[in-house]
Structures are given as C-alpha cells and as structure tokens.
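The structure appears right after this line, and notes come after that.
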Amino acid sequence: MIKQDSDLLLEISDLHARVEDQPILKGVNLTIRAGEIHAVMGRNGSGKSTLSKVIAGHPAYTITSGTVRFEGKDLLSMEPEERARSGVFLGFQYPVEIPGVSNLEFLRVATNSRRVEIGEEELDTFEFEDLVKERLHMVQMNPAFLDRSVNEGFSGGEKKRNEILQMALLEPTVSILDETDSGLDIDALRVVANGVKKLAKANTATVLITHYQRLLNEVTPDFVHVMDAGRILRTGNKELAIELEQTGYDWVDKASKKKVEN
Amino acid sequence: MNSQNPAGEIVSKPYKYGFVTDIETEKIEKGLTEEVVRLISNKKQEPEFLLNYRLKAYKQWLKMKEPDWAGLGYPNIDYQDIIYYAAPKNNQKKASLEEVDPKLLETFDKLGIPLSEQKRLSNVAVDAVFDSVSIATTFKEKLAEDGVIFCSIGEAVKEYPDLIEKYLGTVVPHNDNFFAALNSAVFSDGSFVFVPKGVDCPMELSSYFRINSGDTGQFERTLIIAEEGASVSYLEGCTAPMFDTNTLHAAVVELVTLDNASIKYSTVQNWYSGNEDGIGGIYNFVTKRGQCRGKRSKISWSQVETGSAITWKYPSCILQGEESIGEFYSVALTNNHQKADTGTKMIHIGPKTKSTIVSKGISAGKSSNSYRGLVQMGPKAIGARNYSQCDSMLIGDQAAANTYPYIRSQQPQANIEHEASTSRISEEQLFYLQSRGIGFEEAVSMMVSGFCRDVFNQLPLEFAAEADKLMALKLEGSVG
Amino acid sequence: MAIERQWLSSLPLPNGALEAVQRRGRELLRSSSMPQNSQEEWRVTDINQLNNLLALPLSYAINKPLNTNTNRWPNEPVNGLRIVLDPHESSINNLGLPKGISMLSALELEQNLGHTLEQCSCKGDWPVAINHASANQVLALKIQGRDLPPIELVIKSTPDSFNPTRVLLILEEKARIDLLQVILGENNSAESHIVEIHLGQEAEINHGFLALGDNQSRLLSHLAIEQEPRSHYSFTSIQHGWSLGRIEPHIVQVHGQAKTTLKGLQVSSDKQQLATHSYVRFNGPDGQLDQLQKAAAEGESHCIFNGAVDVPRIAQKTNAAQLSRNLLLSKRARIDTKPELKIIADDVTCTHGATVTQLQAEELFYLRSRGIGPNQATSLLFRGYCQDIIETLPVEANRWDCLNNLMSTLPNDV
C-alpha cells in the first residue's frame, strides 16, 4: 500500500560492499516507506542475498562506501543484535542448525530482548508459552518443534516456518525475507504468504527477495526491483515481475550493458 | 581399472624386480667411523663446508639413540656391519649415455625405465641412481633452456655449491633425528632440482633409485627448490633385489617453496619387502619434509607405499608462508610380515594456511599398518584449516591397522577436522561384483583400487596406472 | 624422583584392611619411576603439578584436619541414597543400605578387590599405584536386582591434603542401578580415586561422574570396568575446575557382546590442565562402543584427550564409534587430542573423528540477528554444546547444578 507521505523506514544510498576481496554490491539505492511491500528479484549472484545480509550486519561483508538509515539512525554502525532489537528482521535463505540449543529457549530470549528494547515487559516462561502457541497457529507449525534444537533436523519447509514464527514473535518494523519461498511446496508457500500478509501493517514494511513470481501471486508487491551485478537495474510495479516471468532475465544483460556504457 | 591385465599375470609374479645386476662395484670397508665420513667426502671431492657438515652430523649421531617409539620391533641394526659407500666401477659421470656401462642401461631397461635416447619417455626427465651413485640424467640440456637444474646432488655440490650451502640441511637439520643425522653424515647421492623464479618446469622430473648390493646401506639425499612463482612435479620410484638380509635405507628429502611456488612430490615405493615368512627386505627409514617458506606456496606429497619390510616415514609440511598449502595423499599397502608406520605432520605456522590429509591403509596377511600423523596449529595460524581423512581396510583376520592422529591447537580461529574409519571389504559389494561375472580376486582388487581412488587421482598419469597394477600384484594370494 | 621417595617415606606404616595392597603399591612405586613427558601417556602433562600433589600431607594422617565446606552440597536426594565417603574414616559402617545393596563381606572383598584392575591391565599405572600405596579404606558394594534407589556417592575431601579413596562395585547378573559420583575439590586438596566396577551378564549401570574442582585442587582418578556379555556400561563424566585433572576410564568387555557408552565433557579455564585418557578393549566379538568426548578450553588452560580403542583378532563384528569435539575459546588455551585405534579383527566397523574449532560464527550471527547479544548468544551456544553430555547424567545430577557451574567460567570476550 503506497502512501506518499508515510514514514521513511529504510533508506539505502549508494551502498558498496565486498566479501574478502570480491566486490558484490556496487552502488545500491533503495527507499522503503511504512506500509510498503517490495520485491527484489534477480538471478543467482546478482547480490540480492548479500544486500539482505549486509542489512542484518553479517560479519563476512565489508562496507566500502554508502549508507543505510533505519528510521533515521545509522544502521551500519549498529551490532547485529541491536538492529534486530530495533526492528530489522532477516528471514534467512538457509537458516543454520544449532544443535543443543533449545528452540523454545532461543525464541524466548530473542523475543524478550526485542520487548525490552521497545519498553515492554519481559515474558516469563508461562506467558511466553501462551504467546508462542498463539503464533504457532499462524504458521501452522507443530508445537513439537519447540522442544527440539534450533532448526536441527528440520525439513526445508519447517525451517522456513520457524523463520516466519520468529518474525511473528519479534514483530519487526522492516522484514527482509531472503528466498523464503524457495524449496516450499504450495501449502507451505501459502502458510508463509499468509504469515507475511497478516504481519504487514500500515507502520511496517516487507522486502521479499525472490527468484520467482509464485510468492508474488500470493503477496502483491507495491514495488518490484531487479538486481544485477550488485545494483538495482530497474524498478517497477507488479507488472514488472510478471514480465520477468514471461521473458526471463535475458534482457537484463542488454540493459546492464547499456547502463555500463552510459 | 586394469581390465586388460588378466588375473593369470597377477598370480605369476611376486616381485619382478628382484634380480641382481652382475657388475663390478667399488665398495669401501664395512663400518662407520670419522675416517669413513672423510673418505666418502673425499671420494666425492667435496668442498670443505660439506665435509664439516657431515662431520658435525656424525658427531651428533654418535650421541643419539635409535628411536623405538613407533613400536616397530625390528632386530637391532649393527651399524658397523653396513657398507656406507658402494658404486659401480668407472663411475665418473659420462659425457654421454653411450659411455655408460651397457649393463646398467640394461638394468634400467628391465625396470621399465629406459634411459637411452631412442627409448626414453618423451615427457619425463629421469635421474637414475644405482646403489649410491647417479649414473645418468636425461633431458638435462632441454631443461637448462628454461633455467631448470636437474642433476645428481653430487654434481650439484661441484657445480652449484652456493645453492647447496644455502639450502642443504635447512629443512631437515643435521640433528633432526637419528636416521637424518646418519644420512647427513654419510649421504651418497640423490637428486637436486632447482626451478628458478617464474618457471613452470616443462616436464615431469623423476628419480629412479635402484639398490643392487646386498650389504650396502642406502643414504640418498634429495633437495628440491622452487623459487618465487616456480612449479615442478617430481616423481620417485624405487626397487631392490631380493636378499635374505635386511638392507637399511635412510634417505632425506628436503623441499623448499618460496612465494607462490609449488612442488608436487610423488613416490611409488616398491623396495623388496622380504619373503612370505618375513625374511629379508628393506628397512625404509626416511625423513621427508617440505617447507612452504613463501606466501601462497604449496607442497603436495603423494605416495604409494607397497614395499619394504619396515617403512617408517612421515612426509611433512611446515606451512610458514601466509596462505600456504600442504597436502598429503597416501596409500600404504602391507602384506605378509610387512610393517608400515607412516603418516604426515602438518605444522601450521602462518595465518590462513591450509592442509589436507588423505591416507588409505590396507593391511593383509600378518602385516601391520599404522597411520601416525600430527596436525599442529601454532599461535599465529589465524584462520588456518586442516582436513584429515584416514581410512583403513583390513584383509584377513591377522592383519593390524592402527591409527594415531595427534592433534594440537593453540589458535582458536583455526579449524581442524579429522575423520577416520576402519572396515573390511563388504561382502555385499563383493557379491554384487561377482554376480556380474567378475572373478573374486579381481573383484577384491577393484574394491581396493576404488578405496584408494582419491589418492591415485593425485598421482601423475603414468604412475596411477602403475600403482593400480602394483596393488593387484601385492595383494595376490592374500584374500580368500 | 626424590619427591616420590619423600612421599613414600612420609606415609604411615601399612595397616588396616588394605595393608597388603599398600605394601604392594609402595613396592611398585619404589621400583619404578615417576611419570615423564617421554612416556606416551604423560606426553603433555605438567609433571610439576604431579610433584605438587605429592607434597601434600595424607588426609587421614593429619590430626586436626580443616573442615570440608559442605555448603555446596544440595539436600539429600528424596528418592535416592546418599553415601558419603570420608577418607578420614578408617572403616565404613552403618550405611543403612536398602534391600538389594549390601556391603561385601571380608571374604568377598578379598576375592574381588583388584580383580577388575587386573583384567583391565591397570595395576602398573602410576595413578593406581599411588592410590594403592596410600588408601586405607574401600567402599565395596554388591548390587542385586533392579528397581533400586539411585545412589549418590559423595567423596568428602579435606582441604590442604591428599585424599585417597577407593570404590568397588559388583553388579550381579541382571542388576541395574544409577550411580552418581561427586568429587568436589576443596581448597588445595588432591584427590586420588579408584573405582572398580564389575558388571555381571545383562547388568546395567548409568554411572555419572561429576568432578568439580575449585581451581586450587587436583584430581587423579582411575576407573577399571569389567563387562560381562550383554551388560551395558554407561559413563558420563563432567570435569571442570581442577588445576590438574585426570580421569582414566579403562573398560574391558571380557567376552565382547556388551555395550559401552562413554560421554565426557571437560571445561578448563585459567591455567588448568584437564585430561581424559580412555581405554576400551574388546576381548570378544559383537561388542559396541559409542564414545563422545567434548572439551572446551579457555583462559590459558589446556585440555587433553587420548582415546585408545583396542580390537584384537577375537573381537570380530565389533562396532565402535568415537568422536572428540573440542572448542578452543581463547588465544592462550591449548587443545591436544589423540584418538588411538589398534585393530586386528577384519570384520569390524570402527570410526573415529576429531574436530577443534571455536564457536561457529554462523550460529553466533544467527542468534545475534534475532536480537540476542554476543555474551548471551555465546552462553546459549556453549550451553547447547554441553547439553548432550549433561543430559545423560543420572537425574540427581541436576541438583548439583553443574551446568550453571560450568557456565560461570565462560569468558566474556569470546
């Protein structure tokens, strides 16, 4: 939902980043306002995932220039946990398995650190269990997963549901979902999409990073951005995603070449 | 697979290199004294620094004790009952191959290493060492065009004394261990390779060691240097006749790589291993070590160890230069009464150094096969990584497989991962092969070959086929 | 050498129930030498620490010993039996044992004491010899039947002294019991402890071994375990906080066909040196071993693991798996680990593995990306790392709060 005067949430300007000696992001510009849903598309290696990890503060990436502002604050100077606590959420493409660490305890600690940040009471074990049960329902996840170790032995779909569950618990302001749709069957995809729709509010924003149109059939984006070689090549509305689905990415090469020549 | 190799052929030849060449040899008296060390140096007309080096090592050796920690349990070696210098008579290095004693050329022909102009391999330069002396080196002139020096160490001492003085004993110090000290005192000959800055050596280099005399100790010394950006692949092969006494072989190999240089060192060791009852065979106590001095330099050891009565060898890498790489790929096969205690040491000193160890041990008969390795991460080895895999296969219920992987880390930002397994050939897999018409022995040999595949893939092409054949030969009669 | 002589001459004359054992132990020490780094099993040990240990007076020979701080002890278990082993006492009486658990008679003791050590070829080991030379009592129990109350065996050690203690357990055929042993180091104490356990056919024991030092204390413990066919020995050890700590579980499956489960966790900090030297031998076919040894070293500490597995020809169809997982948490800490497999039987499946790493950066980042601060994330991960060992301890162990104890040593700068 686009409203011209709504609050500016995330503002990325001329962002350059590299991993080891390899430049990946080469000048990304992106502005996200409250109430908006953005889709970032592009082929493998175009820099989509890097963009999401840089926003979340992954230590493997070095920012070489540019800025990222979140609600006016300098996001890049914040630690990963500070970003999460202030409301930036990254749904991982490949959520890591953490043997031995109880999923329930992890969720509780994470939820409470967010709550403290926004001035809410910490939840004790019982209160938290009530909350988590309610949110579990939303992602249609089996409560048995709470007693297991974080993501350990979860199937691909279960891991993604666990990501959406975390999003539902942390109630972030900006959610970036990195290929949350990949590897999901159609039912799981609906669950994820419904979760995203329910959590999208007038004062929050969502960024969907995806390869495919099918998630966008469920969740209609306000903006579609196409990334290539570390930059946003083109921005349009939902029609652009449909066009991409039909024509593929071949035009990207021509457009990319043109852009370089210019 | 060597499917063109009929099973009958495998059965007929236990050790086909066991013949003795009847040639007049110049030997010195048995025993080791300071005089003997001087005599060896004198015979080789060595400069004074080398004589001093030998004497220093000899004096050190006298103070050292023969190690027993490997638990190999071999009879005491009488060091005064060994001849420390033997060479074919008229051993002045010949200007051309035509002048070399035809008997020697014939010997190497029989071993499958033709040296003469017409027959020699087109892409491999060979240094042939007979008893203690290098008798011929092929393609020297061609290599010289690229600035590559490939000659016997004796020749190098005369022609490039500066290089020898600069590098000899800098990777394996004269007092490193009992056998290295002994070698440093009495080493006879061996190969010397120098690849200058930026040169990618245009052909494979190879040394072929042949022990011929029964009571002579073998103490070759090999030194390979790759300067900045240089690279070379070196192969080493060895055989010996069948004697019912044990012959001591105590070689030292030193490798040095400077920035961005790489050395690949491959060995197919097939010294005589003794007969079925464990009589005779070579005691193979070898010190091999490479030092990656330069940044991003690389040393890769691959070895196929099938011979010797006792093998005791740990080709190692000292990873000093930042981002340098060490590799060790090994297949050790023991049969009858053979004992092999082999492995590697990867000493990570520099940051972001990487090492890989893949070791495959196969024990058959009453033999014993041990992997003994050390992976050490020093305090400065930030971001260093090691991966080791050591698998053993047992054939028959009297063979032993032991594994002793020492791991030591002093650097939290270093990663070490070690995996190992011991198993036997699965009956189901065997049955599957047999049900497709493959004979039992061949099926076993296929399985063994598959087990070793990761290592064989690291060998230069000519050697890989050779190694496969060798394995099949060694296993003959050990199954069923 | 001189220190050991001095120690031997400082001991009271042999007497009591273990007089003969004391004589033999002292004889052995006189004729052998102190451990040296040149010996494989003492290769990386700080020998000075062993010397310090021998410099302490023998606890039962002190007239007025310092009091043991029992504040750290939780209340007695509600459904279990607590036995306190006090090296000051020269004999053990009136334990109020329930049906199924009884003290060995003098004759039974004579027949059984040392038998398992012999079976496990441990008699010549130095930690065994010094215990033999000095211990003056032994807790010897016979276990019959199942559905027995769990035993909590607390070793009461005396500060500033050398505490030798010894335990012998005979599990009759089909017996089953939970045993939690707790050894707490007391200010500058040294613990010398031997356990012998004989498991009859189909017997089962879940043996927890909680060894928590106070950074000033030392521990040398040796376990000899003899397993008859179809028995199951499950051992979980937690070792933490000893300036020198060493646990040596030696297990022999006398006719194979038994199951051995070994889980160990050692967490070292400061300048501590903690070691586990395990040895498992299969004297028959169809034996199983499942071993997981974890270690975490921080500060300037040093963790050592040596895990020997011996599979002789007779032990066909043995299935043994060993894994050593190590965390190196500080730049000045050290890890030494060495699996050691000796295999002669050909129809066996044996695997072993070892890793040395720090906490996984990706896991840490994942937790931080959910708003969890680095210290708490580290602590969660570390807890998770310890969890699978701790949860196999007998349940009574929870009362000793050992996880929190371990967590308290976590560095803040990881």
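The values are calculated or read from the model by the stated rules, or taken from the named source; none is laboratory data. As the structure is a prediction and not an experimental result, all values here were calculated from the model. Counting neighbours? That spans all protein chains shown, and the Cβs are built from the backbone with ideal geometry, glycine included. In case anyone asks, the SASA skips ligands and DNA or RNA and just uses the protein heavy atoms, side chains included. Shrake-Rupley method; radii C 1.70, N 1.55, O 1.52, S 1.80 Å.
What is the Cα centroid distance between segment C:83-162 and segment C:289-316, reported in whole angstrom?
Cα centres, segment C:83-162 to segment C:289-316: 26 Å.
What is the P(r) of segment B:136-277, as percent of Cα-Cα pairs per 10 Å bin from 0?
With a bin width of 10 Å, the distribution comes to 11, 39, 34, 13, 3, 0.
Per residue and in Å³, how big is the convex hull formed by the alpha-carbon atoms of segment A:132-262?
Given the Cα convex hull of segment A:132-262, per-residue volume reads 126 Å³.
For the protein assembly as shown, build the charge dipole from Cβ charges (+1 Lys, Arg; -1 Asp, Glu) around the Cα centre, then report which of A:His58, B:Tyr85, B:Gln303 sits farthest towards its positive end.
The Cα lying farthest towards the positive end belongs to A:His58.
Applying a 10 Å radius around every beta-carbon, put B:345-351, B:326-332 in order of their mean neighbour count, most first. Numbers along the way, then the final one.
Values: B:345-351: 22.6, B:326-332: 26.3.
Ranked from most to least packed, the peptides come out as B:326-332, B:345-351.
A:Leu8 to A:Asp187: FRET efficiency via 1/(1 + (r/R0)^6), r the Cβ-Cβ distance, R0 41 Å, to the nearest 0.05? Numbers along the way, then the final one.
Values: r = 36 Å, r/R0 = 0.89.
Efficiency, from the Cβ-Cβ distance: 0.65.
With a 1.4 Å probe on protein heavy atoms only, tell me which residues of segment B:380-397 lose at least 10 Å² of accessible surface in the complex relative to the chain by itself.
B:Leu394, B:Gly396, B:Asp397
If you take the square roots of the eigenvalues of the alpha-carbon gyration tensor of the protein assembly as shown and sort them as a ≥ b ≥ c, do you get rounded (a/c under 1.5), prolate (a/b over b/c) or oblate?
Numbers: a/c = 2.03, a/b = 1.15, b/c = 1.77.
Because a/c hits 1.5 or more and a/b fails to exceed b/c, the protein assembly as shown counts as oblate.
Could you order peptides C:28-40, B:402-414 by the average number of other Cβ atoms within 10 Å of their residues, highest first? Before the final figure, lay out the partial values.
Values: C:28-40: 12.8, B:402-414: 23.2.
Listed from highest to lowest mean packing, they are B:402-414, C:28-40.
Rounded to the nearest 0.05, what FRET efficiency do C:Asn75 and A:Gln22 have when you use their Cβ-Cβ distance and R0 = 45 Å?
Numbers: r = 61 Å, r/R0 = 1.35.
Rounded to the nearest 0.05, the efficiency is 0.15.
So how far apart, in nm, are the two label points at A:Thr62 and B:Thr245 if each is 7 Å from Cα heading toward Cβ?
Modelled inter-label distance: 6.5 nm.
At q = 0.10, 0.13, 0.20 Å⁻¹, what is the log10 ratio I(q)/I(0) for segment C:179-282, with the Debye formula run over Cα points and no solvent?
With one equal scatterer per Cα and no solvent, log10 I(q)/I(0) is -0.28, -0.46, -0.91.
Can you work out the accessible area per residue across segment B:118-214, with the rest of the protein chains kept in place, probe 1.4 Å, in square angstrom? Display every interim value, and only then the final one.
Details: 3140 Å² over 97 residues.
Value for segment B:118-214: 32 Å² per residue.
With a 1.4 Å probe and every protein chain left in place, work out the accessible area per residue of chain C in Å², rounded to a whole number. Can you show the working numbers first?
Working: 14920 Å² over 414 residues.
So chain C comes to 36 Å² accessible per residue, rounded to a whole number.
In whole Å, what is the distance between the alpha-carbon centres of segment A:199-221 and segment B:344-402?
51
In Å², what does the accessible area per residue of segment B:333-438 work out to with a 1.4 Å probe? Intermediate values should be presented prior to the final figure.
Details: 3830 Å² over 106 residues.
Accessible surface, normalised per residue, equals 36 Å².
Checking buried surface per residue: for segment A:77-97, which residues lose a minimum of 40 Å² accessible area in the protein assembly relative to the chain alone (1.4 Å probe)?
A:Pro80, A:Glu81, A:Phe92, A:Val96
Using only the Cα atoms of segment C:62-183, build the gyration tensor, take square roots of its eigenvalues as a ≥ b ≥ c, and label the shape rounded, prolate or oblate: rounded if a/c is under 1.5, else prolate if a/b is larger than b/c, else oblate.
Details: a/c = 1.87, a/b = 1.08, b/c = 1.73.
Oblate shape, in that a/c is at least 1.5 and b/c is the bigger or equal ratio.
Pop out a list of residues from segment C:321-335 that are at least 20 Å² less accessible with all the protein chains around than in their chain alone; 1.4 Å probe, no ligands or nucleic acids counted.
C:Leu328, C:Lys331, C:Arg334, C:Ile335
Under 8 Å for C-alpha pairs, at least 6 residues apart: give me the relative contact order for chain A, rounded to a whole percent. Show your work: numbers first, answer last.
Working: 481 pairs, mean separation 69.5, N = 262.
Rounded, it is 27 percent for chain A.
For C:Asp160, what accessible area in Å² do you get when you roll a 1.4 Å probe over the heavy atoms of the protein chains, rounding to the nearest 10?
Looks like 60 Å² after rounding.
In chain A, which whole DSSP H runs stretch at least 15 Å along their own axis (Cα) and average 0.0 or higher on the Kyte-Doolittle scale? Mind showing how you got there, number by number?
On the way: long enough: A:103-117 (21 Å, -0.56); A:125-139 (21 Å, -0.19); A:156-170 (21 Å, -0.50); A:186-199 (20 Å, 0.61); A:250-261 (18 Å, -1.47).
Helix filter hits for chain A: A:186-199.
Please compute the modelled spin-label separation between B:Glu141 and C:Ala106, points set 7 Å along Cα→Cβ, answer in nm with one decimal.
If labels sit at C:Ala106 and B:Glu141, their model points lie 9.9 nm apart.
Leaving ligands, DNA and RNA out of it, report the carbon-plus-sulfur percent of the accessible area of the protein assembly as shown at a 1.4 Å probe.
On the way: 20870 of 45000 Å².
With neighbouring chains kept in place, the figure for the protein assembly as shown is 46 percent.
Using the Cα centre of chain C as origin and beta-carbon charges of +1 (Lys, Arg) and -1 (Asp, Glu), tell me which of C:Thr392, C:Leu289, C:Ile62 is placed farthest towards the positive end of the dipole.
C:Ile62
Averaged over its residues, how many other protein chain Cβ atoms are within 10 Å of peptide C:378-387's Cβ atoms?
On the way: counts 0, 1, 9, 5, 2, 4, 10, 4, 1, 5.
Per-residue shielding by partner chains comes out at 4.
Chain pair C, B: how much accessible area is buried, both chains summed, with a 1.4 Å probe, in Å² to 100? Provide the component values of the computation, followed by the final result.
Working: alone 17310 and 19610 Å², together 34180 Å².
Between C and B, the summed buried area is about 2700 Å².
Summing Lys, Arg as +1 and Asp, Glu as -1, what charge do residues with Cβ under 9 Å from the Cβ of B:His337 carry, B:His337 excluded? Numbers along the way, then the final one.
On the way: positive: B:Lys339, B:Lys366; negative: B:Glu276, B:Asp277.
Around B:His337, the charge tally is 0.
So for the pair B:Lys197, C:Asn215, with labels modelled 7 Å out along Cα→Cβ, what separation do we get in nm?
5.5
Mind checking A:147-156 for the average number of partner chain beta-carbons within 10 Å of each residue's beta-carbon? Write down the numbers at each step before the final one.
Values: counts 0, 0, 3, 7, 2, 1, 0, 0, 0, 0.
Mean number of neighbouring Cβ atoms from other chains: 1.
Please give the peptides C:331-342, C:306-317 ranked by average Cβ packing (other Cβ atoms within 10 Å per residue), highest first, as a rough proxy for protection. If you can, show how the numbers build up before the last one.
Values: C:331-342: 22.4, C:306-317: 20.3.
In decreasing order of mean packing, C:331-342, C:306-317 become C:331-342, C:306-317.
How big is the A/C interface in buried accessible area, both sides summed, 1.4 Å probe, to the nearest 100 Å²? Present the calculation step by step, with values, prior to reporting the outcome.
Numbers: alone 12820 and 17310 Å², together 28130 Å².
Buried surface at the A/C interface: approximately 2000 Å².
Which of rounded, prolate or oblate describes segment B:125-196 when judged by the alpha-carbon gyration tensor and an a/c cut-off of 1.5? Please report the intermediate quantities before stating the final value.
On the way: a/c = 2.62, a/b = 1.54, b/c = 1.70.
Here segment B:125-196 falls in the oblate category.
In segment C:29-129, if the dipole is taken from +1 on Lys/Arg beta carbons and -1 on Asp/Glu beta carbons about the Cα centre, which of C:Ser121, C:Ser33, C:Leu95 is farthest to the positive end?
C:Leu95
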